[in-house]
Amino acid sequence: MRRSLVALSSRAFSGRQWIGKDRKIWKYSQTRKQNTMKYFDRVANNHVILSNPYITHEQEFAYTQRINTMAKASSKKA
């Protein structure tokens, strides 16, 4: 009887526990903060890389031409 009172005294979350009116709130730990900062750094780095391409259009065109000629040469050998 006493164990059941202790077990039932804590309120359980109804339905989905992470969304809605009575949602469970995440505890914001130091690890969670570090992971969030790593994520934001990664997103910022991706934006920098995508906004400043490493190769020019001419270099990309030359690269695709070289790949296509290599593919044609290997298909002739086979």
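The values are calculated or read from the model by the stated rules, or taken from the named source; none is laboratory data. Since we're looking at a predicted model, the values are computed, not measured. In this analysis, Cβ positions are derived from the backbone assuming ideal geometry, glycine residues included, and neighbour counts consider all displayed protein chains.
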I'd like the full set of residues that are surrounded by 10 or more Cβ atoms within 10 Å (Cβ to Cβ), of a type outside the set (Val, Ile, Thr) and not in a helix (DSSP H, G or I), limited to region 26-62. Pro53
Return yes or no: is Asn68 modelled with pLDDT of 85 or more, within 31 Å of the chain's Cα centre (by Cα) and in a helix (DSSP H, G or I)? no
